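Comments concern the structure below.
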Amino acid sequence: MPKCKKSEGQAIDYASKLLPPEEEEPFEQHLKNCQDCSEAVASYTAVFDLTDKAQAELAVPEVALKNIEMNVYKRLAATQEQTLFSRIRTYFASVGSPFGWYKTAAVSSIAIALIAAAVLIGKPFQSEDTLRLTETQSADARIEQYRQQGIQRNLEEALITQHLRNDAWETESQLNRMKEQAQGTNWTQIADKHLESLQSGNSTLQ
Amino acid sequence: MDKLIDDEMLVAQFQAGRQNAFDELMKRYKSKIFSYLLRSVRNYEDAEDITIEVFFKAYRALEGWQPKAKFSTWLYKIASNLAIDYHRAKARHPVYALDDAEIPEVHLVATDLHSDPERQLEEKERGLIIREAVDQLSPKQKAVFMLSRYEGMQLKEVAETLDMAEGTVKIHLHRAVKRLQTLLRPLWENNEI
């Protein structure tokens with residue numbers, strides 16, 4: 001018995017709910033009388049059920065999402081630094097080539113001239129749109145902002161461990177990690193206060 | 001920031017110099033993009049790296065972005081291209097790692113006294129087999145399947161995301177489903193579902 005011509009395309013579309021609305025009812029009528037298509041729809045539906053369930057089991061860990069922004073800005077900041085160096089290199093390469101074997105001397109002279117210009121005028125490359133030094137600062141500021149948020153979050157987690165889970169050992173460990181992360185900021189003093197409070201058994205400090 | 005502000009408005013704000021608008025866009029999409037990439041590359045660290053790369057590329061290209069398509073479609077396009085590059089690179093230099101073992105899964109921990117560890121293990125193994133079957137699709141079949149099935153995209157959006165004709169998307173999707181049907185048939189024929 002030849003296989004029904006509808007079974008491949010329409011059955012997949014029907015099972016994946018991609019069949020145009022105007023084709024749905026005629027196809028459902030067809031299904032009542034076509035074993036090939038009914039079996040095909042059942043089979044494709046089983047495929048979707050299996051894959052949907054397997055994919056739903058994949059969970060994105062919350063911890064992975066916490067640092068995405070900071071890492072994006074770190075990457076941007078690093079690239080902007082590279083861009084500055086590469087522009088200087090490109091600039092020298094482009095001015096050096098017309099001088100042929102005088103290249104070295106020409107580049108040295110231009111370098112001296114540029115340094116002098118930098119001292120006298122300041123910001124010699126600022127006119128180039130693509131440098132975006134202000135954005136570099138912005139990226140750095142954002143890295144710091146996300147770092148601070150991360151520290152604050154770790155402190156909150158330590159307090160949750162202390163008050164909800166009553167796990168002093170883990171709290172101390174989390175506070176020490178947070179203190180290490182917070183080096184150079186006022187957060188270290190806050191961590192110290194909580195550690196002191198923890199060691200003295202006083203959990204009233206919030 | 002107001003959640004009612006649509007993505008395209010945020011892009012316009014970013015283009016006007018408001019950096020916070022990009023933060024909001026990252027906040028809206030980081031989980032979706034990470035999730036999409038995790039399903040595609042099935043490796044936690046690689047998915048994280050590619051997610052960062054997606055937003056990095058988006059940031060750099062956003063200034064000249066024109067709203068010809070939805071922002072989300074454009075973002076998924078970057079993610080899909082990077083995922084396809086990843087799979088191509090991996091095919092050239094295969095690494096035999098137990099990637100799936102690194103991926104945290106829901107339902108792995110016994111949540112009550114009635115849970116059945118043996119059944120959980122079986123389900124975990126079955127999930128692994130199914131995800132490996134999806135991995136056997138070609139990069140384009142896999143991208144089409146993922147976008148239409150798990151990102152809730154219409155075929156038209158999938159076509160825009162992957163720079164394909166809608167008809168081509170449909171062909172890839174049909175091939176993907178038929179391939180999966182062949183690969184997974186033993187699971188329901190052996191009454192394993």
For this session: Filter the GluC sites (Glu not before Pro) in region B:1-64 down to the DSSP loop ones having no more than 14 other Cβ atoms within 10 Å, then list what survives.
Result: B:GLU63
For this session: Please give the average number of partner chain Cβ atoms lying within 10 Å of the Cβ of each residue in B:28-34, rounded to a whole number.
Result: 3
Exercise. Going down the list B:LYS68/B:LYS90; B:LYS27/B:LYS156; A:LYS32/B:LYS70; A:LYS193/B:LYS32; A:LYS179/B:LYS90, which pairs span over 29 Å between their C-alpha atoms?
Worked result: B:LYS68/B:LYS90; A:LYS32/B:LYS70; A:LYS193/B:LYS32; A:LYS179/B:LYS90
Seminar exercise, completed: To the nearest 20 debye, region A:9-56 has a Cα-centred charge dipole, built from +1 on Lys and Arg Cβ and -1 on Asp and Glu Cβ, of 220
Exercise. Within 10 Å of each Cβ of B:126-133, how many other protein chain Cβ atoms are there on average?
Worked result: 4
For this session: First measure r as the distance between the Cβ atoms of B:GLU63 and B:ASP163, then evaluate 1/(1 + (r/R0)^6) with R0 = 30 Å and state the FRET efficiency to the nearest 0.05.
Result: 0.90
For this session: Take every Cα pair under 8 Å in region A:9-56 that's 6+ residues apart, average their separations, divide by the length, and report that relative contact order as a whole percent.
Result: 46
Exercise. Cβ under 14 Å from A:LEU164's Cβ, A:LEU164 left aside: what net charge do those residues give with Lys, Arg +1 and Asp, Glu -1?
Worked result: -3
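Read-outs throughout are calculated quantities, based only on the coordinates presented, and are distinct from any laboratory measurement. This is a predicted model, so every value here is computed, not measured. Neighbour counts are summed over all protein chains in view; Cβ atoms, including those assigned to glycine, are modelled from backbone coordinates with ideal geometry.
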